[in-house]
Amino acid sequence: MVTIPAGERDSFGSTIGVIAAAAGSAVGLGNIWRFPYVLGENGGGAFLLIYLGFILAIGFPVMLTEFTIGRRAQRNALGSFKKLAPGKPWYLIGLMGIVAAFLILAFYSTIAGWTLEYLYESITNGFSGKSSVELKNSFESFQAAPFRPVFWQFIFMFLTGYIVFSGVKNGIEKYTKVLMPILLLIIIIISVRSLTLEGSREGLIFLFKPDFSKISWSVVLDALGQAAFSLSIGMGTLITYGSYINKSNNLPRTAFQVSAIDTFIAILAGIMIFPAVFAFNIDPAEGSGLVFIVLPNIFQQMPGGYFFAILFFTLLAIAALTSTVSVLEVVVAYFSEELNLSRKKATIIGSVAISVVGIFATLSFGPLAKYKLLDKTIFGWFDYLSANILLPLGAIFIVLFAGWYLGRKNVLDEISNGGLLKIRIISVFMFIIKFLAPIAITAVFIYGLGLM
Ligand code: PHE
């Protein structure tokens, strides 16, 4: 094992930088593209309530656990386990994380590519004069065409690689610090616009009024998967970022702030989208095309729509970029620290390999659409496997590792910065990571997958 002397490893330069980068990872297509359509498919308000429960009781503690592991070890997602538990099989959690990173980035970059196409369309005024049927058709024919979606996916992977290439402080931190506040501003502007649409009330009722007859175990599993996906937990992204966090940072506070920002933005995305869905008579269970089908309709029919369309797709692309960067960083940190590649080589190899896998995800909306297993396409499987299976599974093992292997003494030492911070929640926290989270996630798994 090579030990890297302190000071040589790249790190975040400031608290604000840490929050921007971690919130940049958490806030992404998961909030603005995935959250609304998964909520729409799962019946609305009741899903939101379960989702919020998972964020608070499981998501936030798991995030704090990941930061703790990463900062303690000062290593990548796999190396952290090797360092803290030498010679033990715990590093397999890290390996699972690397696999999850590949799968996630492969399908995430498909959607990220769509955002660029839509940004391009909005700049060239491509939605104008189209009826809602025509808009839906042009979305579907774009998705299905082999060349354009793959082209945009590659461009997106290139941008991601470029930022990661530049390093943690001079790449990730520098860009997210500028991009995140812009994102927040844009999303607030569009939410206000959507709220003032005529007929917006019904959308708010759908979003906020729970109808418990809609709940089943598979809905609960979807809520858990969405919570894990949205917070970027369960695959070592936040272990990796945690390893770049300064020893004096208040980790519980950072984890809480990041979880809160992520949740706030998901709810804002709901407020931005559902009033419009109902105002324009679109089916909330439309599926993965929801934002791409709904929003161009609004933009075209609202004053200033040209301008709002550009804003929105810029927002979506930015949100996606600050997340893809964090996923790629997991792979790059692993390649460079464990396989001893230079950061540049690691970035190039990682992005190219993922782009190649990603082509299959993208083409599964077109030429590969007919290849289905249990009614899911390749894209569908990448998404389901990573969000609903690998991330929750990763989360179980991560908390078990911290709760039972590291133990209270080490965990407390790390999150209290060696005793400097007073951690009042430590007993609750230990209870959650030793018992509550693993048991709850296992139960949701067993029932949600229909194993019982
Ligand atoms: N949290 C990101 C989003 O919501 C996606 C992501 C998942 C990023 C897992 C990193 C790890 O878009």
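Within the stretch 274-293, how many residues turn out to be in contact with a Ser or Thr (Cβ under 7 Å, 6 or more places away or on another chain) and closer than 19 Å to TRP114 by Cα?
The total comes to 0.
From the set of residues in the stretch 381-415 that are modelled with pLDDT of 90 or more and among the small types (Gly, Ala, Ser), which is surrounded by the most Cβ atoms within 10 Å (Cβ to Cβ)?
In this case the residue turns out to be ALA395.
Hey, does the stretch 361-369 have a residue that's open to solvent by 80 Å² or more (accessible area, probe 1.4 Å), farther than 26 Å from ILE233 by Cα and modelled with pLDDT under 95?
Among the residues of the stretch 361-369, not one is open to solvent by 80 Å² or more (accessible area, probe 1.4 Å), farther than 26 Å from ILE233 by Cα and modelled with pLDDT under 95, which makes the answer no.
Among the candidates GLY43, GLY59, which residue alone is of a type in the set (Gly, Ala, Ser), farther than 30 Å from ILE349 by Cα and either within 16 Å of the ligand (Cβ to nearest atom) or at pLDDT 95 or above (or both)?
It is GLY59.
Among all residue pairs at least 6 apart or on different chains, which show Cβ distances below 8 Å where the first residue, located in the stretch 386-411, is over 12 Å from GLY97 (Cβ atoms) and among the hydroxyl-bearing types (Ser, Thr, Tyr) and the second is open to solvent by 30 Å² or more (accessible area, probe 1.4 Å) and at pLDDT 90 or above?
TYR405/LEU84; TYR405/LYS88; TYR405/TRP90
Quick one: is ASP262 open to solvent by less than 20 Å² (accessible area, probe 1.4 Å), touching a residue at least 24 places away in the same chain (Cβ under 8 Å) and charged (D, E, K, R)?
When the stated conditions are applied, ASP262 passes them.
Quick one: PHE156 ticks every box in (1) at pLDDT 85 or above; (2) open to solvent by less than 80 Å² (accessible area, probe 1.4 Å); (3) more than 25 Å from ALA20 (Cα to Cα) bar one, so which box is it?
(3)
Does the stretch 416-433 hold any residues that are open to solvent by 60 Å² or more (accessible area, probe 1.4 Å) and either among the basic types (Lys, Arg) or within 16 Å of PHE397 (Cα to Cα) (or both), and which are they?
LYS422, ARG424, PHE431
In the stretch 307-327, what residues are touching a Ser or Thr at 6+ places or on another chain (Cβ under 7 Å), farther than 13 Å from MET180 by Cβ and not aliphatic (A, V, I, L, M)?
PHE313, THR324
Among the listed residues ARG253, ARG201, identify the single one that is closer than 26 Å to ARG75 by Cβ and more than 16 Å from the ligand (Cβ to nearest atom).
ARG253
Would you confirm whether or not the stretch 212-232 contains a residue that is touching a Leu at 6+ places or on another chain (Cβ under 7 Å), open to solvent by 10 Å² or more (accessible area, probe 1.4 Å) and within 15 Å of the ligand (Cβ to nearest atom)?
Yes, there is a match, as at least one residue in the stretch 212-232 is touching a Leu at 6+ places or on another chain (Cβ under 7 Å), open to solvent by 10 Å² or more (accessible area, probe 1.4 Å) and within 15 Å of the ligand (Cβ to nearest atom).
Determine whether LEU385 is under 23 Å from ALA77 (Cβ atoms) and within 16 Å of the ligand (Cβ to nearest atom).
Yes, satisfied.
Mind listing whichever residues of the stretch 7-19 are within 15 Å of PHE67 (Cβ to Cβ) and either within 16 Å of the ligand (Cβ to nearest atom) or not hydroxyl-bearing (Ser, Thr, Tyr) (or both)?
Within the stretch 7-19, PHE12, GLY17, VAL18, ILE19 qualify.
Scan the stretch 164-209 for residues that are open to solvent by 50 Å² or more (accessible area, probe 1.4 Å) and assigned to a loop (DSSP other than H, G, I, E, B) and jot them down.
Correct list: THR196, GLU198, LYS209.
Yes or no: SER122 open to solvent by less than 70 Å² (accessible area, probe 1.4 Å), within 26 Å of the chain's Cα centre (by Cα), among the small types (Gly, Ala, Ser) and closer than 26 Å to GLY30 by Cβ?
Here the answer is yes, as SER122 does meet what is asked.
From ILE261, ILE318, grab the single residue that is within 23 Å of GLY17 (Cα to Cα) and modelled with pLDDT under 90.
Values: ILE261 fails: modelled with pLDDT under 90.
Exactly one of ILE261, ILE318 is within 23 Å of GLY17 (Cα to Cα) and modelled with pLDDT under 90, namely ILE318.
Would you be able to say whether some residue in the stretch 35-53 is touching a helix residue (DSSP H, G or I) at 6+ places or on another chain (Cβ under 9 Å), surrounded by fewer than 21 Cβ atoms within 10 Å (Cβ to Cβ) and of a type in the set (Asp, Glu)?
Yes, the stretch 35-53 contains a residue that is touching a helix residue (DSSP H, G or I) at 6+ places or on another chain (Cβ under 9 Å), surrounded by fewer than 21 Cβ atoms within 10 Å (Cβ to Cβ) and of a type in the set (Asp, Glu).
Looking only at residues in the stretch 77-107 that are open to solvent by 60 Å² or more (accessible area, probe 1.4 Å) and touching a Gly at 6+ places or on another chain (Cβ under 9 Å), which one is nearest to the ligand (Cβ to nearest atom)? Explain how you work it out, then say what you get.
Of all residues in the stretch 77-107, those open to solvent by 60 Å² or more (accessible area, probe 1.4 Å) come to 82-83, 86-92, 95, 99.
Keeping just the survivors that are touching a Gly at 6+ places or on another chain (Cβ under 9 Å) gives 82, 91.
On the way: LYS82: 21, TYR91: 19 Å.
By that ranking, first place goes to TYR91.
Checking ILE32 against (1) crowded, with 24+ Cβ neighbours inside 10 Å; (2) farther than 22 Å from PHE256 by Cα, only one condition comes out false. Which one?
If we test ILE32 against (1) crowded, with 24+ Cβ neighbours inside 10 Å; (2) farther than 22 Å from PHE256 by Cα, just (2) comes out false.
The values are calculated or read from the model by the stated rules, or taken from the named source; none is laboratory data. Every value quoted in this text rests on a predicted model; they were computed, and no experiment measured them. FYI the Cβ positions are ideal-geometry reconstructions off the backbone, even for glycines, and counts take in every protein chain you see. Areas reflect the complete protein model, heavy atoms only, side chains present, ligands, DNA and RNA absent. Shrake-Rupley method; radii C 1.70, N 1.55, O 1.52, S 1.80 Å.
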